[in-house]
Amino acid sequence: MVVILAALVLPLLGAGLTAVLAPRWRAPSTLATLALTLVAAIALVRAVLHDGAHQVRLGGDELAIGLFIADGLSSAMVLLSVVVTLHVAAFAVLQSRELPAPRTSYWPLALALLAGLHGLFLAGDLLTAYLMLEVVAVAGAAMVAWAGGRRLLAAGTRYYYAELVASVTFLAGAGLVWTATGTTVIAELPGRLADEPTALVGLALMTVGLLLKVPVVPLHFWLPAAHALAPTAVSPLLSGLVVKSAFVVLLRLWGGATAEVATPVLAQLLGALGAVAILWGGLLALRSQRVKQVVAYSTVAQLGLLLVAVPMVLAGSADAWKGGVFHAIAHALPKAAVLLAVALLAVSLGGDTVDRLEGAAAHRPLAAFAVGLAAISLIGLPPTGGFVAKWYLVVASITTGQWWWAATIVLGSLLTAAYLARLLQRCFSSAGRNHHLDVPASPQRHGIDGIALTLATSALVLGLYPNLLLGLLEIGAPLATGVPLLTDGSFGADAPLPIGWSTEASAHA
Amino acid sequence: MISALHWFAFAFLVGGGVALFRSRRRRHRLEGLAALALGGALLTLLSGPDRATAAAVAVLSSLTLAGLLAVAAAMERTARRESASDLALDRDPLRWS
C-alpha cells in the first residue's frame with residue numbers, strides 16, 4: 001500500500017535531504033517535507049476508513065522483519081505525529097524573533113524522529129519495532145543533548161542510556177519470544193505463548209523495556225530532566241509524541257497478542273503502576289516551582305493514565321481501548337500547546353518559575369488563553385478531548401467491575417486541576433502585573449502565539465467531534481470483536497455516550 | 001528452553017545497564033554499554049527459528065548496536081571536550097547546582 005510507504009519514506013528522505021542542505025534551506029525543506037507527509041498521513045487515514053486495515057511486508061514473507069500495519073490505531077497516531085511536528089516546526093521557524101533559534105541539526109533530527117515514530121506506530125513485528133525504537137531514541141536524545149550546555153548534555157545522555165537499556169531489554173525479550181514461538185509477527189503470537197516459559201520470560205523482558213521507555217514510575221528517573229531542560233521546540237515532541245510510541249507497542253502486545261497469558265493479578269499490577277504514576281507525578285508537579293518541571297511531572301502522571309487502561313483492556317473492554325488511545329492523542333495536543341505557550345510567557349516575563357507567570361494574560365493574552373484551553377483538556381473537563389478519553393476510561397472501569405480505576409482517574413484529575421490551577425491563577429491574576437515588561441503586541445507575536453492556541457483548540461475540537469476518531473480507532477482493534485481477553489468480564493455493552501452525542505461511532509463496530 | 005548461554009547474556013545485560021547509571025566515569029560507562037550490547041547481540045544470535053535467519057538478524061542488531069555505541073561515545077566525548085571532565089550521570093541534572 002503506497003500510503004503506508006509514503007508515510008514512512010517521506011520523512012526519512014526529507015531528513016537525509018535536509019541534513020545535506022545548506023543551513024538556511026533546512027527549515028524550508030523540513031516544512032515542505034512535513035506538508036507532504038501530512039498529505040500522506042491524511043491519505044493513510046482515508047484509506048483505513050474506506051478499506052479497513054492494511055499491511056505491507058517489505059522483502060517478502062521469509063524475512064522476520066519489515067512488516068507494517070495500517071489500522072485505526074497506527075493511522076491515527078501517524079496523523080497526530082505529523083500535525084504536532086508541523087506545528088512545532090512552524091513555531092521553531094518563528095521563535096528566533098524571541099527565543100534562541102534552534103541549531104541547524106534540529107531540522108533533520110526532527111524529521112528522523114518523525115520517521116522513527118511512524119515506523120514504530122506502523123510496526124507489525126517485534127524486530128521492526130525494535131529498530132524503530134532505536135531510531136526514535138537516537139533522534140530524541142540527540143535533540144536534547146546537542147542543544148548546547150553541559151546540563152542538557154547530561155540530561156540527553158541519561159535519556160539516551162535509559163532508552164538504550166530499554167531497547168536492548170526489549171530486543172532480548174523479542175529474541176526469546178522468537179525462539180519459543182518461531183515468529184516475530186505480533187498478530188501471530190496469540191495461541192503460541194501460553195505453554196512456553198521461554199516466551200513468557202521474553203514477554204516480561206519486552207514489557208520491562210517498554211515500561212522504561214514510556215516511562216512508568218519508578219522507571220521515570222530520566223524523564224523530568226530531559227523534558228524540562230530540552231529546548232522549546234523539542235519538549236513538545238518528547239512529551240506529546242515520543243512517550244506514546246512505547247505505549248502503542250505495549251498496547252499492541254498486551255491488548256491482543258499476549259492477552260492469553262495475562263493473569264488478573266498481572267493486569268492489576270500494570271494498572272497499579274499507572275495509578276502510582278498518576279499520584280506521584282501529580283504530587284511532584286504540585287511541588288515544582290519551574291513551569292516546565294510542572295509540565296514534565298504532569299507528563300509522568302498522564303502516562304500513568306495510559307497504563308491504567310491496560311487491566312480494563314485485558315478484561316475485554318473496547319471502551320478502555322478507545323479511552324486509552326484517545327487519551328494518548330488528546331494528551332499530545334494540549335501538552336504541546338502548554339509547552340510552547342509557557343516558553344513564550346517565560347521569555348516575555350523574564351523567568352520560568354510559576355510565580356513569574358503573574359499577570360501573564362495581560363502581556364500575552366493568546367498564549368495565556370492557549371494555556372487555559374489546554375489545561376481544561378488536560379484536567380479532563382467537557383467538552384474537550386481529555387474529557388472524552390476519561391469518560392470512556394471511567395465507563396470501562398464501571399462496566400468491567402474495576403471501579404477503583406475510576407476513583408484513581410478522578411483523583412488524578414483533581415491533582416491535575418490543582419497543579420494547573422496554580423499556573424492559571426498566576427496567568428490570569430492582575431495583581432502582580434509586570435507593567436515594566438509591557439511590549440506592544442505585533443502580528444509576529446500573534447502568529448507564534450497562534451500556533452500554541454491552534455494546538456490547544458485542536459484538543460477542544462477533538463472533544464466536540466470525537467466520533468470520527470472513535471470510529472477510526474475501532475478499525476483493526478483487537479477488541480472491536482467484543483471478545484473478552486482475560487476473564488469472562490463484562491464486555492459487550494457499548495458505553496453510554498455523554499448526553500447529546502450521537503452513537504454513530506459505536507454503531508460503526 | 002532457556003540455556004546457560006541465555007543466562008550469561010542476561011548477566012551482561014543487567015551488569016551493563018547498572019554500570020551506565022552507577023558509574024561516574026565515562027570509561028566505565030562505555031564498558032557498561034559494550035557489555036549491554038554484547039548481551040543483546042548474543043541473545044539475538046541464540047534466537048530465531050533457524051540459524052541462517054538468526055545470524056542475519058544478529059548481524060543487523062549488532063550493526064545497530066554498534067551505531068548506538070558510536071552515538072553514546074560521541075556524547076561523552078562532547079561533554080569531555082566542553083569542560084574537561086566526565087558527566088556525573090548518577091545525579092539528576094535538574095538538581096545540579
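The values are calculated or read from the model by the stated rules, or taken from the named source; none is laboratory data. Predicted, not measured: the structure shown is a model, and the values here were computed from it. Quick reminder, even Gly has a Cβ in these numbers, built from the backbone with ideal geometry, and neighbours come from all protein chains shown. Surface accessibility is based on the protein's heavy atoms, side chains included, excluding ligands, DNA and RNA. Shrake-Rupley method; radii C 1.70, N 1.55, O 1.52, S 1.80 Å.
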Notebook entry, point to check: Taking the condition more than 9 Å from chain B (Cβ to nearest Cβ), out of contact with any Cys (no Cβ under 9 Å at 6 or more places or on another chain) and part of a loop (DSSP other than H, G, I, E, B), does A:A204 pass?
Noted result: no
Margin query: Condition first: over 19 Å from A:G380 (Cβ atoms) and open to solvent by less than 10 Å² (accessible area, probe 1.4 Å). Now tell me which residues in the stretch A:289-309 satisfy that.
Written below: A:V291, A:A296
Next item on the list: Identify all residues within the stretch A:213-235 that are in contact with an Asp or Glu (Cβ under 8 Å, 6 or more places away or on another chain) and surrounded by fewer than 24 Cβ atoms within 10 Å (Cβ to Cβ); write none if there are none.
Entry: A:F221
Margin query: Residue pairs, Cβ under 7 Å, 6 or more apart or interchain, first in the stretch A:29-50 and within 15 Å of A:A70 (Cβ to Cβ), second open to solvent by 20 Å² or more (accessible area, probe 1.4 Å) and small (G, A, S). List them.
Written below: A:A40/A:A6
Check: Filtering the stretch A:147-161 down to residues that are within 19 Å of A:E134 (Cβ to Cβ) and at the interface with another protein chain (Cβ under 8 Å from one of its Cβ atoms), which residue is most open to solvent (accessible area, probe 1.4 Å)?
Finding: A:R158
Next item on the list: Give A:G351, A:G304, A:G380 a once-over and let me know the one that is touching a residue at least 60 places away in the same chain (Cβ under 8 Å) and among the small types (G, A, S).
Entry: A:G304
Note to self: Quick check on this structure: which one of B:A58, B:A35, B:A84, B:A52 is surrounded by 15 or more Cβ atoms within 10 Å (Cβ to Cβ), more than 7 Å from chain A (Cβ to nearest Cβ) and at pLDDT below 80?
What the structure shows: B:A58
